[in-house]
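Engineer: Can you read through this structure? Questions will come right after.
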Amino acid sequence: MTMQFVYSRQDFVTDVRRRSENYGWTDRRDRGLFRYYLGDLETRILPGSCGYVAQLNIQRGKERRKPQEILNIKQEFIPSQFNFNKINLDEIIFEMIKTTDGVVLINVSPLEFGHCLFVPDPSRCFPQILTRAAIQVGIESVLLSSDPSLRAGFNSLGAFASVNHLHLHGYYLDYELKIESSPVKPLVPEKRFYRMQDFPTGFLFYTESEEVEEVARSICQVTDFLVGENIAHNLFLTRGCPPCDHIQSTKDCCLRSGVRIAIWPRKACFGAKVETDISVALCELGGHLPFKSKKDYECATEEDVMDIVQIGLCFTLHKFHFLKCLSPL
């Protein structure tokens, strides 16, 4: 029987300080349920202002399941294709139960320690289009962890999602990312909606425990707009300090009681997913660079990465400034 995790707002953690031991994930790794054994990954920080965290993960490039062909951001769920109702049930770690149900299962081709998938109500066969409930589960998952290195994220169709069945990613990355404390400019501050100033520029929401439902609703209005306009997008969720439009003090930068949710509109990639060494998706935009070849890992520079990321983003934010006029957001 699958373990059930029933939670409420009272379970959210504000005092983040320790590394988690993900026994359910390590148990399944040790039982051989992954496509490869993931140990400690070779890691280096690229010199430069972005602080990119580069990691070498050759096996993921070789062993992961072939991505599905994506032709449209609003592509319908196709039952005959691979989906999360077809997995080995031993891959499920537990069910998450609050106002809506979902499952947490291992990603059998992990990027990093603890790499899991959050799948809201898998039997309903939602396509890979964000819902308010899915966004809320992603935020709440980060708030439920006492470990500030837990990251979560979402790739839309056309933004390097590999499976057209609604899911978010979650994994641990025990290195500080610039996005955790980078300065922002307010767009609609009463809705916790901001614009990131540093590269790669995008939108950012911020929430603490008391505002999760309201902020999730606002995020969903933005992503609904992007889907309606057929614009691909990526989200990255991480513990981070409260928004500010200038460099904060060391003390303020260390605060991690809330969650930052970054949103990047980007150029869509349709057709069969072509594996390049850097595919610009949620990890890369968040500052984490998984490499598939040792040569590229060793030779990569911040300038090279920024050029690749900029090509992937394509959209300039001035086209979206009118989002701040949406009422209500």
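Engineer: Counting only protein chains, not ligands or nucleic acids, how are Arg17, Arg256, Arg9, Arg29 ordered by accessible area (probe 1.4 Å), most first?
Structural biologist: Arg17, Arg9, Arg29, Arg256
Engineer: Per residue, how much accessible area does the chain have with a 1.4 Å probe, in Å²?
Structural biologist: Numbers: 14540 Å² over 329 residues.
Value for the chain: 44 Å² per residue.
Engineer: Shifting gears a bit: So for Ile135, Ile58, what's the accessible-area order with a 1.4 Å probe, most first?
Structural biologist: Working: Ile135 5, Ile58 65 Å².
Sorted descending by solvent-accessible area, the residues read Ile58, Ile135.
Engineer: Given only helices, namely DSSP H runs of n ≥ 4 each adding -39500 (n - 2.57), what is the per-residue ellipticity at 222 nm of the chain, to the nearest 500 deg cm²/dmol?
Structural biologist: -6000 deg cm²/dmol
Engineer: Something else about it: Holding the Cα-Cα limit at 19 Å, pick out from Lys178/Lys292; Lys267/Lys292; Lys66/Lys267; Lys178/Lys267; Lys267/Lys294; Lys66/Lys292 the pairs that are longer than that.
Structural biologist: Flagged as over cut-off: Lys178/Lys292; Lys267/Lys292; Lys66/Lys267; Lys178/Lys267; Lys267/Lys294.
Engineer: If you roll a 1.4 angstrom probe over the protein chains with everything in place, what fraction of the accessible area of segment 39-325 belongs to carbon and sulfur, to the nearest %?
Structural biologist: 53
Engineer: First obtain the Kirkwood hydrodynamic radius of segment 1-77 from its Cα pairs, then insert it into the Stokes-Einstein equation at 37 °C and 0.692 mPa s, and state the resulting D in µm² per second as a whole number.
Structural biologist: In µm²/s, the coefficient rounds to 186.
Engineer: Something else about it: Out of Gly48, Gly271, Asn83, whose Cα points farthest toward the positive end of the dipole of the chain (charges: +1 Lys, Arg; -1 Asp, Glu; placed on Cβ)?
Structural biologist: Sorting the options by dipole projection puts first Gly271.
Engineer: Another question, if that's okay. If amide H atoms are built 1.01 Å from N in the plane of the peptide, which residues on other chains or at least 5 residues away come under 5 Å of the amide H of Gly258?
Structural biologist: For Gly258, the qualifying residues are Gly240.
Engineer: Continuing with this model, one more query. Shape verdict for segment 42-115, please, from the Cα gyration tensor: rounded (a/c under 1.5), prolate (a/b greater than b/c) or oblate.
Structural biologist: In terms of gyration-tensor shape, prolate.
Engineer: Still on this structure, I have one more. In whole Å, what is the distance between the alpha-carbon centres of segment 197-224 and segment 29-74?
Structural biologist: So the separation of the two Cα centres works out to 26 Å.
Engineer: Provide the gained length on full extension for the span Tyr23 to Asp121, in nm with one decimal, where the gain is 0.36 nm per separating residue minus the Cα-Cα distance.
Structural biologist: Contour length minus the Cα-Cα distance gives 32.9 nm.
Engineer: Through the Karplus equation 6.51 cos²θ - 1.76 cosθ + 1.60, θ set to phi - 60°, convert the phi angles of segment 27-41 into ³J(HN,Hα) values in whole Hz; use x for Gly and Pro.
Structural biologist: 4, 6, 5, 5, 8, x, 7, 8, 6, 7, 7, 9, x, 5, 9
Engineer: How big is D, in µm² s⁻¹, for the chain by Stokes-Einstein at 37 °C and 0.692 mPa s if Rh is the Kirkwood radius over C-alpha pairs?
Structural biologist: So the translational diffusion coefficient is about 165 µm²/s.
The values are calculated or read from the model by the stated rules, or taken from the named source; none is laboratory data. In this text, all values refer to a predicted model and were calculated from it rather than measured experimentally. No Cβ is skipped: glycine too gets one built from the backbone with ideal geometry, and neighbour counts run over all protein chains shown. Protein only, heavy atoms only, side chains kept; ligands, DNA and RNA dropped before computing areas. Shrake-Rupley method; radii C 1.70, N 1.55, O 1.52, S 1.80 Å.
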